[in-house]
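**Q** Just passing along the structure, written as structure tokens.
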Amino acid sequence: MSTPLRVNMAVEGPEVSRLAYGVWRILKDPEGAGVQRVLSKIQTCLDCGITTFDHADVYGGYRGEEAFGAALRAHPGLRQRMELVTKCGIMLVDPARPRNRLKHYDYSRQHLLESVECSLRNLATDHVDVLLLHRPSPLLDPDEVAEALRLLVDQGKVLHVGVSNFTPAQVDMLASRLPMPLVTHQVELHPLRLEPFLDGTLDQCLRRRISPMAWSPLAGGRLMSGQGEAEARVRAVLLELGRKYGAELDQLLYAWLLRHPSRIIPILGTNRLERITSAARALTLQLEVQDWFAVWSASTGTEVP
Ligand SMILES: NC(=O)c1ccc[n+]([C@@H]2O[C@H](COP(=O)([O-])OP(=O)(O)OC[C@H]3O[C@@H](n4cnc5c(N)ncnc54)[C@H](OP(=O)(O)O)[C@@H]3O)[C@@H](O)[C@H]2O)c1
């Protein structure tokens, strides 16, 4: 049984691809981030059904969206074949933002409106499909955020909104004040980060019927080459499963996330075209329950209670 290529993020959410592509590392690509290279990545994704692209204003030192947008400017027809997710709220110390004296968060109405304008300009689009609040802030005023998001949605600049890296209590608090539903919660999720399975994050997604997005599904590559004990244990189990399923380690890690009933959307971070193409095979892998728990137990170093 295969996992469907597409999923509704939420009951009132957008339809997106079941695997998304993340643009965080776009400027670290050894082959560069020129228009042709970015176009080749976009095309590779679209060819294998990956139509959802995950951005943030801060990626690439505030230059990631622009590099992607340059490719869309060169081929404007591509925009209607994809869904764009972007984020706001993190304020980095960077030459592009000389007013930031230290790293902090800003969810003021003014910043939210300015940040979205900037993302739209950089991405060469008139709307983003989903805007995420990147990280929770102790100073986030839910009524002020609600007002800004309502304006952005009314103006058609943002179609849907979600959060990232929130606690379940913070999600509930914000949702209680927003005039629109939250459509996703993007969290770090992989076998070396099991907390969202245990702390109520994924239960809340199930209860709210929203698909979580999993960032760093390969633990940023650590699961492939990291030397820690848990990494080595998980890798050993994956190598065994690789022989059983005839699959690569990365495909198994995506399939491990896809197996969860909350309909997790793994976000690919690779810069390599052949790895994007091969990732799509994860949708055809259905891990047996005991194999899923073998990965879990390898991570914790013990059998489940
Ligand atoms: N919301 C948040 O706070 C947040 C935080 C971080 C990331 N994100 C999102 O999540 C996306 C993915 O994160 P990530 O880049 O850390 O994902 P990842 O898939 O866990 O890590 C990708 C890294 O692993 C390396 N890698 C090593 N072996 C690989 C293999 N066999 N297959 C694929 N990759 C392999 C890649 O190198 P190669 O390029 O050489 O393949 C790349 O450097 C980001 O682009 C961003 O959109 C969100």
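**Q** What percent do you get for the relative contact order of the chain when only Cα pairs under 8 Å and 6+ apart count?
**A** 19 percent
**Q** May I ask you to derive the relative contact order of segment 1-107, considering only C-alpha pairs under 8 Å and at least 6 residues apart, and to give it as an integer percent? Walk me through the intermediate numbers first.
**A** Values: 140 pairs, mean separation 24.1, N = 107.
So the answer I get is 23 percent.
**Q** Moving to a separate point now. Net charge near T86: determine it from the other residues with C-beta under 15 Å of the C-beta of T86, scoring Lys and Arg +1 and Asp and Glu -1.
**A** Numbers: positive: R63, R79, K87, R121, R135, K157; negative: D54, D57, E65, E66, E83, E114, E117, D126, D129.
Net charge in that neighbourhood comes out at -3.
**Q** Order by neighbour count: W256, W24, W215, fewest other Cβ atoms within 10 Å first, most last. Working shown, then result.
**A** Working: W256 26, W24 18, W215 21.
Fewest to most other Cβ atoms nearby, the residues stand as W24, W215, W256.
**Q** Tell me, what HN-Hα J-couplings in whole Hz come from the Karplus equation 6.51 cos²θ - 1.76 cosθ + 1.60 at θ = phi - 60° for each residue of segment 126-134, using x for Gly and Pro?
**A** 9, 7, 10, 6, 9, 10, 10, 7, 5
**Q** Using the alpha-carbon centroid of each, what span in Å lies between segment 64-88 and segment 201-274?
**A** 26 Å
**Q** Next question, about the same structure. Once you keep just the Cα pairs under 8 angstrom separated by 6 or more residues, what percentage relative contact order results for segment 162-209?
**A** Across segment 162-209, relative contact order equals 41 percent.
**Q** For V93 and E229, what does the FRET efficiency come to when R0 = 30 Å and r is the distance between their Cβ atoms, rounded to the nearest 0.05?
**A** With R0 = 30 Å, the Cβ-Cβ based efficiency is 0.30.
**Q** Could you pull out every whole DSSP H run in the chain that spans at least 20 Å of Cα extent along its own axis and averages -0.5 or higher on the Kyte-Doolittle scale?
**A** 109-123, 229-245
**Q** Quick check: net charge around Q110, other residues with Cβ under 12 Å of its Cβ, Lys/Arg +1 and Asp/Glu -1?
**A** -4
**Q** Same structure again: Report the label-to-label distance for N100 and D126 in nanometres (one decimal), using points 7 Å from each Cα along the Cα→Cβ vector.
**A** If labels sit at N100 and D126, their model points lie 3.0 nm apart.
**Q** Also: Of K28/K103; K41/K103; K41/K87, which pairs sit farther than 28 Å apart, going by alpha carbon to alpha carbon?
**A** Among K28/K103; K41/K103; K41/K87, the Cα-Cα distance tops 28 Å for K41/K103.
**Q** Given DSSP loops and a limit of at most 13 other Cβ atoms within 10 Å, what is the longest stretch of the chain that contains no such GluC sites (Glu not before Pro)?
**A** Result for the longest clean stretch: 32-287.
Since every read-out is calculated from the coordinates, none of them should be taken as a lab result. Treat the numbers as computed from the prediction; the structure is a model and nothing was measured. Neighbour counts run over all protein chains shown; Cβ positions are idealised from the backbone, glycine included.
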